[in-house]
Amino acid sequence: MCGIVGYIGPRQAGHLLLDGLRRLEYRGYDSAGIALLNGGGLEVIKTSGKLSNLEKALVGRVPSGTLGIAHTRWATHGAPTEINAHPHTDQDGNIAVIHNGIIENATAIRTALVNIGHTFESDTDTEVLAHLIGALFQGDLEEAVAAALKEVDGAYGIAVISAQQPDVLVAARKGSPLIVGVGTDEWFVASDASPLLEHTRSVVYLDDGEMVVLTRDGYRVRDLQVTEIQKPVSQIEWDLAKIERGGFEHFMLKEIFEQPESLRNTLRGHLLDDEGTARLLGLNLTDDELKRIDRIVITACGTSWHSSLIGEYMIEELARVPVEVEYASEFRYRNPVIDERTLVIGISQSGETADTLAAIREAKARGARTLGLVNVVGSTIAREVEGGTYLHAGPEIGVASTKAFTSQIAALALFTLRLARLKDMSILQGRQFIQALRELPDKVQQILDRAPDVERLAEEFLDSSNVLYLGRGVNFPVALEGALKLKEISYIHAEGYPAAEMKHGPIALIDENMPVVFIAPKDGVHSKIVSNIEEVKARGGKVIALVNEGDAEIERLADKTFPIPDTVDLLTPILTSLPLQLFAYYVAVRRGCNVDQPRNLAKSVTVE
Ligand code: M6R
């Protein structure tokens, strides 16, 4: 989603801000712009399309200036045109604003401003905010921004500069992430840590309702009234290499191949072999409190929603606590039944997904205990929940979630183990589960070593217009995830279904042009899925099956098979999802798609 970066310090800001925007590209965007204060006033340059367009527009004319703001825009209000790109300026062209989020009462404010003579160029809510700040400006940018923000409803992360105060950058957040980077005699704001890392590891995470005022002497955090707020300075652990491609053609491929390591990192320090359980100190729940939980709701979006479904299978099977999985966007608006014995778990890679955050807040307001399984350290959801565990999968830059998905499943397995051992799971069963978890990274590596086989398979199905993914039990969510991966990066239509549901509709689609991917490890529902494969074959469909090694029955039936190492049934999704990620990747690359930044998609969806 939109990216913000701002700078004040001794260095020339132009190239520094462009580099920052490049680091933010992965979030997804459709136009970009930059504003600098160059001594002679405010200079704003913006273009539609990719950052390369902005770079071309700036060739030989990057404005000078040691204070500036820059933005990548993911369109919400108005088409992705140059006029609608940020920064936007006020009526007099003195104040420039960049903004992530949506100002919900923009139309009313715009009308009021038009009535006093303002004219607008763009269709955006951000231009309205810039005009409002300008209208309230009486020589002090900080006060004008605070006054304007008191008038607006909605969500924002903003950065503002003014030609009339060339040594001040004001930024504020409500519902849209913003981080302050603290360097040596220089300061930054950004919507996430990636543009900051090459300059500083010291950051301050702003909370909703907070403003930061950056000057050449330092920074101050305050609320919209006048109260100053003391904020801790945190250190980012990720280094630059982690957010670079390291020899891989795409971030997505790099992240797929990182999964042995990311899984080890997710599990590290949590497995207690002797006791046959998991240590999860961050849950902030005592054993008694955990035992009292009589219902669990897991809420998430997209890929994280798919891992939540796998969590439902695991928790119900091993811990025997009823679980519901809710799309966060539905949960937050549907008057959910929640009480203090309900545990609500939010799952999110970014920790910034607006709907998941709102669902967590809704659950808290209704008295539920809340936990988060989150990847990005210091993200808003991580700070909002009462406890949880970080995934430690490392930065995920590719828009298509891969390593975060398998780490989410691993983290859910840890939570399930902890809960199950407090219920009826024996120490022996616990130890066996731990052993299976420990073996996973090597088994993942075995699958990755066969990536060329998946690449050849992808070659054969490049021209498909539809693909059906079918699985049963804990591999039904893997079917959903496999289909999502393919459609989001290759633009081939794909659907995931529980295999038996196929007979209730999708079977009508099957003909000799329809590839059907079966996720069919030798688990408790193997014989059932064999019947489903027969049904597809009887109608001429092309079957690609993920099977355990030596599954002669399915090898005989299927057109293509890919072998998966054995593991316990409930952990098979960590293995079966791998070839599906690779398949989607290779198909998309061969079709010439931009796999790291698929069209219309944003990495972190910070608007509802
Ligand atoms: O950061 P989150 O895990 O909260 O993001 C949720 C979804 O937006 C995300 O998983 C999305 O579906 C990905 N593009 C899937 O690859």
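The values are calculated or read from the model by the stated rules, or taken from the named source; none is laboratory data. Keep in mind the model is a prediction, meaning the values are calculated, not measured. Cβ: placed from backbone, ideal geometry, glycine included. Neighbour counts: every protein chain shown.
Summary of values
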{"read-out": "Residue selected from segment 233-247 under the condition of a type in the set (A, V, I, L, M, F, W, C) and surrounded by 15 or more Cβ atoms within 10 Å (Cβ to Cβ), by the criterion farthest from residue 398 (Cα to Cα)", "value": "236"}
{"read-out": "Meets criteria (away from the ligand (no atom under 14 Å from the Cβ), farther than 21 Å from residue 173 by Cβ and either modelled with pLDDT of 95 or more or of a type in the set (Lys, Arg) (or both)) for residue 344", "value": "yes"}
{"read-out": "Residues satisfying the stated conditions in segment 243-280, i.e. closer than 22 Å to residue 451 by Cα and in contact with a Pro (Cβ under 7 Å, 6 or more places away or on another chain)", "value": "260, 263, 264"}
{"read-out": "Of all residues in segment 304-319 being farther than 24 Å from residue 421 by Cα and either surrounded by fewer than 24 Cβ atoms within 10 Å (Cβ to Cβ) or among the small types (Gly, Ala, Ser) (or both), the one that is nearest to the ligand (Cβ to nearest atom)", "value": "304"}
{"read-out": "Subset tally (residues that are within 15 Å of the ligand (Cβ to nearest atom), surrounded by fewer than 24 Cβ atoms within 10 Å (Cβ to Cβ) and not acidic (Asp, Glu)) for segment 328-341", "value": "2"}
{"read-out": "Residue among 154, 175 that is modelled with pLDDT under 95 and farther than 26 Å from residue 377 by Cβ", "value": "154"}
{"read-out": "Residue 458, sole failed condition from (1) within 28 Å of residue 528 (Cα to Cα); (2) in the same structural domain as residue 491 (by TED's automatic domain parsing); (3) not in a helix (DSSP H, G or I)", "value": "(3)"}
{"read-out": "Positions within segment 355-403 being more than 9 Å from the ligand (Cβ to nearest atom) and within 11 Å of the chain's Cα centre (by Cα), in sequence order", "value": "395, 397"}
{"read-out": "Residue match in segment 560-567 (condition: under 19 Å from the mean Cα position of the chain (by Cα), modelled with pLDDT of 95 or more and either under 22 Å from residue 306 (Cβ atoms) or part of a loop (DSSP other than H, G, I, E, B) (or both))", "value": "no"}
{"read-out": "Filtered residues of segment 94-108 (kept if of a type outside the set (S, T, N, Q) and either under 16 Å from residue 154 (Cβ atoms) or out of contact with any helix residue (DSSP H, G or I) (no Cβ under 9 Å at 6 or more places or on another chain) (or both))", "value": "97, 98, 99, 101, 102, 103, 104, 106, 108"}
{"read-out": "Number of the exception - residue 502 against (1) over 22 Å from residue 582 (Cβ atoms); (2) outside any helix (DSSP H, G or I)", "value": "(2)"}
{"read-out": "Any hit, segment 498-509, residues being within 14 Å of the ligand (Cβ to nearest atom) and buried (at least 16 other Cβ atoms within 10 Å of the Cβ)", "value": "no"}
{"read-out": "Whichever residue in segment 66-122 is assigned to a strand (DSSP E or B) and without any contact (Cβ under 8 Å) to a residue 60 or more places away in the chain and, among such residues, is nearest to residue 25 (Cα to Cα)", "value": "88"}
{"read-out": "Candidates 410, 483, 479, filtered to the one that is in a helix (DSSP H, G or I), within 16 Å of the ligand (Cβ to nearest atom) and within 20 Å of residue 522 (Cα to Cα)", "value": "479"}
{"read-out": "Segment 205-232 - residue that is aliphatic (A, V, I, L, M) and more than 20 Å from residue 99 (Cβ to Cβ) and, of those, surrounded by the fewest Cβ atoms within 10 Å (Cβ to Cβ)", "value": "226"}
{"read-out": "Residue 552 vs. criteria farther than 30 Å from residue 155 by Cβ and within 16 Å of the ligand (Cβ to nearest atom)", "value": "no"}
{"read-out": "Leading residue by the ranking (farthest from residue 438 (Cα to Cα)) among those in segment 376-426 that are of a type in the set (S, T, N, Q) and modelled with pLDDT under 95", "value": "380"}
{"read-out": "Those residues of segment 576-608 which are away from the ligand (no atom under 12 Å from the Cβ), under 13 Å from residue 491 (Cα atoms) and in contact with a Phe, Trp or Tyr (Cβ under 7 Å, 6 or more places away or on another chain), in sequence order", "value": "587, 593"}
{"read-out": "Residue in segment 246-260 that is assigned to a loop (DSSP other than H, G, I, E, B), touching a strand residue (DSSP E or B) at 6+ places or on another chain (Cβ under 9 Å) and more than 16 Å from the ligand (Cβ to nearest atom) present", "value": "no"}
